[in-house]
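J.: Once you've had a glance at the structure underneath, I'll fire off some questions.
The values are calculated or read from the model by the stated rules, or taken from the named source; none is laboratory data. Note that the structure is a prediction, hence the values are computed from the model and not measured. Cβ coordinates were reconstructed from backbone atoms using ideal geometry, including for glycine residues, and neighbour counts include every protein chain displayed.
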Amino acid sequence: MHNALMSISADGAAPKARIVTALLRNGNRILLCHRSPQRRWSPDVWDLPGGHVEPGELPGSALARELREELGVDVAAPAGPPLHEVHGDTFDMQIWLIEAWKGSPANVAPDEHDAIGWFTEEALAELSLAHESYLAIFSKVLAGHRA
């Protein structure tokens with residue numbers, strides 16, 4: 001039996017999910033996707049587009065695939081390190097800053113999201129976000145744009 005795809009930890013715990021997400025910035029706005037209230041994980045919150053890295057897939061390739069599947073846009077696989085990383089009990093997430101893409105973002109995965117939208121920093125503060133670290137990350141990115 002070959003265990004290359006099985007990465008069970010030494011304590012027998014299930015492996016963490018590897019997640020890649022994109023922070024799409026257009027001027028002073030950030031694109032977020034609203035997760036349907038019926039979603040099993042993180043329902044009824046605004047989240048960054050992205051998803052799971054498949055076995056054998058590189059994170060940048062996974063991100064490009066997810067953005068094509070969820071938003072119908074094409075991006076180059078990002079080079080260099082991610083903008084930010086979030087480590088949870090059951091997942092490791094990389095957030096990549098994306099400022100160039102081909103196509104117009106649209107909700108082409110309505111089974112995953114019931115809406116998408118572009119938000120300014122002021123509007124972001126009013127949203128229910130999928131992760132507590134998001135607002136500080138968004139503020140930092142938008143402040144860098146103003147500088």
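J.: Here are the criteria: (1) surrounded by 15 or more Cβ atoms within 10 Å (Cβ to Cβ); (2) modelled with pLDDT under 95; (3) within 18 Å of HIS84 (Cβ to Cβ). Tell me which single one GLU132 does not satisfy.
T.: (1)
J.: Which condition breaks for ILE116 when tested against (1) in a strand (DSSP E or B); (2) of a type outside the set (S, T, N, Q); (3) surrounded by fewer than 16 Cβ atoms within 10 Å (Cβ to Cβ)?
T.: Against the list (1) in a strand (DSSP E or B); (2) of a type outside the set (S, T, N, Q); (3) surrounded by fewer than 16 Cβ atoms within 10 Å (Cβ to Cβ), ILE116 comes up short only on (3).
J.: Tally time: how many residues in segment 23-63 are assigned to a loop (DSSP other than H, G, I, E, B) and over 22 Å from GLY80 (Cβ atoms)?
T.: Summing the residues that are assigned to a loop (DSSP other than H, G, I, E, B) and over 22 Å from GLY80 (Cβ atoms) in segment 23-63 gives 13.
J.: Same structure, new question: Can you pull out the residues in segment 40-82 that are among the polar types (S, T, N, Q) and within 22 Å of PHE138 (Cβ to Cβ)?
T.: In the first step, residues of segment 40-82 are kept if they are among the polar types (S, T, N, Q); the result is 42, 61.
Result: SER42, single match.
J.: Ok, one more. Among the candidates PRO105, PRO78, PRO82, which residue alone is over 15 Å from ASP47 (Cβ atoms) and at pLDDT 95 or above?
T.: Criteria check complete, one pass: PRO82.
Condition check ((1) out of contact with any helix residue (DSSP H, G or I) (no Cβ under 9 Å at 6 or more places or on another chain); (2) closer than 13 Å to LEU24 by Cβ; (3) not aromatic (Phe, Trp, Tyr)) across all residues:
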position	(1), (2), (3)
PRO105	no, yes, yes
VAL108	no, no, yes
ILE116	no, yes, yes
THR120	no, no, yes
GLU126	yes, no, yes
LEU129	no, no, yes
LEU135	no, no, yes
LYS140	yes, no, yes
GLY144	yes, no, yes
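J.: From the list GLU54, GLU70, which one is in contact with a helix residue (DSSP H, G or I) (Cβ under 8 Å, 6 or more places away or on another chain) and more than 19 Å from HIS131 (Cα to Cα)?
T.: Selected residue: GLU54, the only one of GLU54, GLU70 that is in contact with a helix residue (DSSP H, G or I) (Cβ under 8 Å, 6 or more places away or on another chain) and more than 19 Å from HIS131 (Cα to Cα).
J.: Moving to a separate point now. Considering only residues that are touching a residue at least 24 places away in the same chain (Cβ under 8 Å), surrounded by fewer than 16 Cβ atoms within 10 Å (Cβ to Cβ) and hydrophobic (A, V, I, L, M, F, W, C), which ones fall in segment 70-96?
T.: Within segment 70-96, ALA76, PHE91 meet the criteria.
J.: Any idea which residue in segment 5-23 is farthest from ALA115 (Cα to Cα), counting only those that are touching an Asp or Glu at 6+ places or on another chain (Cβ under 8 Å) and at pLDDT 95 or above?
T.: Result: ARG18.
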